[in-house]
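So the structure is just underneath, and the comments pick up after that.
The values are calculated or read from the model by the stated rules, or taken from the named source; none is laboratory data. This one's a predicted model, so the numbers in the text were calculated from it and none came from an experiment. Cβ placement follows ideal geometry from the backbone for every residue including glycine, while neighbour counts extend to all protein chains displayed.
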Amino acid sequence: MNKLKVGMIGFAHTHAEAFLKALERNTHAEIVGISDENRSYTEPFDQKYAYYADYNELLAADIAAVFVCSENVHHAKLTVAAAQAKKHVFCEKPLGASRADMQAMVEACKANGVQLMTAFTNRYSQAVVRAKEAIDSGAIGKVLAVKCTNKGGLPRRSWFTEQSLSGGGAMLDHSVHVMDILNWILRSHVVQVYAESGTLFHDIPIDDMGMIHFKYANGVVGVLDTSWSRVKAFPMKRDLTLEFIGTGGSISVDVRNMVNEVYSNNASSAAWSDWSENLSDLAVADFVSCLLEDRPVPITGEDGMNSALVALAAYESSRLGRAVKLADE
């Protein structure tokens, strides 16, 4: 199999390093160059890879795809530029900060015959995959309701708390992963949202928590607790949990806390092992193999847009103090 030549545009997001390392470990990928106008973000890596101050020069290089990990509001301009240069795009979540931006990204990629994949790595968790398999098999009957959490600490880079760069706070940052999982498993779309958001945990100019109530077109109702409330000592830095309640049972999923603790008289203390997968490796490997084998990517730009639109509706609901409809029921 040939190698996929890629570039990385934007290192502002803290996930950029994880994707770079995943590409390094992938034997079918080759990193040609990296770019960010803020060189302090790329400094740890630009001795190893060619650094491009102008991302357009990297887009003109001999590459087939780019990874976009910039500030959220820059996803659109970078993705559209990449599409116009005939490069496939792997874009960090959330896909964009507005409906118009996300539509422009999707349309530009379609018009130029390139693929756009949204970086929803949690779809690759075996806990999530097996929950989907169980629900698809009818193990808990018809799903009626879901209860979810996605809570982490305050991001270490300041742009996350600047509305002009992030497009939203914790409610945007920590809702999109969960909503993508639910859209995928429930095979439906959200039609109504009611949300409350606020700044309760940190002295920052943006929301650090949000409670989102939602209703799907297929009748499933749910609630999502999303925040930047976790302290530094919290295990795994954050949590992501889902509980599916059906007519014939329930399924509880804990994506992050995939551990095995063994208590035995044969040991002086408990044996602890983490058996969770490297989700970045799995997502990157899927993207690379899809492009090399000319297959469609599994998590599309439309998927990214559908999850982010729920977050945008949640902000509108919080501002108006009432439920907001996304589509006809």
Can you tell me which of VAL220, VAL262, VAL255 is surrounded by 20 or more Cβ atoms within 10 Å (Cβ to Cβ) and either at pLDDT 95 or above or over 24 Å from GLU92 (Cα atoms) (or both)? VAL220
For segment 177-189, indicate whether the set of residues that are assigned to a helix (DSSP H, G or I) and free of Cβ contacts under 8 Å to residues at least 60 places away in the same chain is non-empty. yes
Looking only at segment 120-135, filter to residues that are touching a residue at least 12 places away in the same chain (Cβ under 8 Å) and closer than 16 Å to SER250 by Cβ; which one of those is surrounded by the fewest Cβ atoms within 10 Å (Cβ to Cβ)? ALA134
Looking for something closer than 28 Å to TYR124 by Cα, at pLDDT 95 or above and outside any helix (DSSP H, G or I) - is there at least one such residue anywhere in segment 196-207? no
(1) aliphatic (A, V, I, L, M); (2) within 17 Å of VAL288 (Cβ to Cβ); (3) in contact with a Phe, Trp or Tyr (Cβ under 6 Å, 6 or more places away or on another chain): which one isn't true of VAL32, the others all being true? (3)
Which one is surrounded by the fewest Cβ atoms within 10 Å (Cβ to Cβ), of the residues in segment 1-56 that are part of a loop (DSSP other than H, G, I, E, B) and basic (Lys, Arg)? LYS48
Given the condition among the acidic types (Asp, Glu), surrounded by fewer than 14 Cβ atoms within 10 Å (Cβ to Cβ) and modelled with pLDDT of 95 or more, answer yes or no: does some residue in segment 64-86 qualify? no
Unique match (being under 23 Å from ALA195 (Cβ atoms), modelled with pLDDT of 95 or more, outside the structural domain of ASP180 (by TED's automatic domain parsing) and out of contact with any His (no Cβ under 9 Å at 6 or more places or on another chain)) among SER98, SER164: SER98
